[in-house]
Amino acid sequence: MVCAKTIDLLNENPDADAEWLEEFLLQVMLDEFEVNVDDESGFEVAEQIMRMRKDCIKGEFREVLQLKERWDARGGRGEDVGKLFEKERDEREDETSGSEGDDREGGADVDMDEAPPLVRVRQPVLPEVDEDGFTKVTKKG
C-alpha cells in the first residue's frame with residue numbers, strides 16, 4: 001500500500017526531488033508505524049528510490065535487479081526489524097538507568113495525592129417549589 005502511494009505521488013509530481021520524497025517517507029513511517037526515523041536513513045532511501053526511478057525511465061534495471069536478488073536471497077524476507085527495536089530499547093534503558101531523578105529521590109517511588117480538579121464544577125441549582133407547587137424565582141449568583 002505504501003509502495004503504491006509512493007509511486008502514485010511520484011507520477012503526480014514529476015519534479016519531486018529526494019528531499020521531498022524523504023519528507024513523505026518519514027511522515028508515512030510516523031503515521032503508519034509510529035516510528036520517528038532520525039538517523040538520516042530516510043534521505044538515503046529517498047535518494048536510492050529517485051536514482052532507481054530515473055534508471056527505470058531510461059530502461060536500465062541493474063540496481064532494481066540487484067535489490068530483487070538480495071530480497072530473494074533472504075527468502076523474500078527483509079531484516080528482522082524486531083531485533084532492531086529491541087536493540088534500541090536496550091540502549092535507551094542503559095541511558096536512563098542512571099538518571100538524575102533517581103539520585104534526587106533516593107531511588108524510591110513517591111506517593112502522590114490525586115491531582116486537584118483544573119476547573120471548578122458548579123453544582124446545579126435545583127429549583128425551589130413552594131407548597132402550592134409554584135417554582136420560586138431566585139436571583140442568579
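The values are calculated or read from the model by the stated rules, or taken from the named source; none is laboratory data. Owing to the predicted nature of the structure, the values given are computational and were not obtained by experimental measurement. Methodologically, a virtual Cβ is constructed for each residue, glycine included, from the backbone with ideal geometry; neighbour enumeration extends over all protein chains shown. For accessibility, only protein heavy atoms count, side chains too; no ligands or nucleic acids. Shrake-Rupley method; radii C 1.70, N 1.55, O 1.52, S 1.80 Å.
Taking region 21-60 as the range and being in contact (Cβ under 8 Å) with a residue 40 or more places away in the chain and out of contact with any Leu (no Cβ under 8 Å at 6 or more places or on another chain) as the test, no residue passes. Note on region 53-77: residues that are in a helix (DSSP H, G or I) and closer than 19 Å to residue 10 by Cα total 8. Flag: residue 61 does not match the condition of being at pLDDT below 90, open to solvent by 60 Å² or more (accessible area, probe 1.4 Å) and hydrophobic (A, V, I, L, M, F, W, C). Working only within region 1-52, note down all residues that are more than 18 Å from the chain's Cα centre (by Cα), part of a loop (DSSP other than H, G, I, E, B) and charged (D, E, K, R). Result: 15, 17. Restricting attention to region 24-46, the residues being more than 14 Å from residue 2 (Cα to Cα) and either touching an Asp or Glu at 6+ places or on another chain (Cβ under 6 Å) or open to solvent by 80 Å² or more (accessible area, probe 1.4 Å) (or both) number 8.
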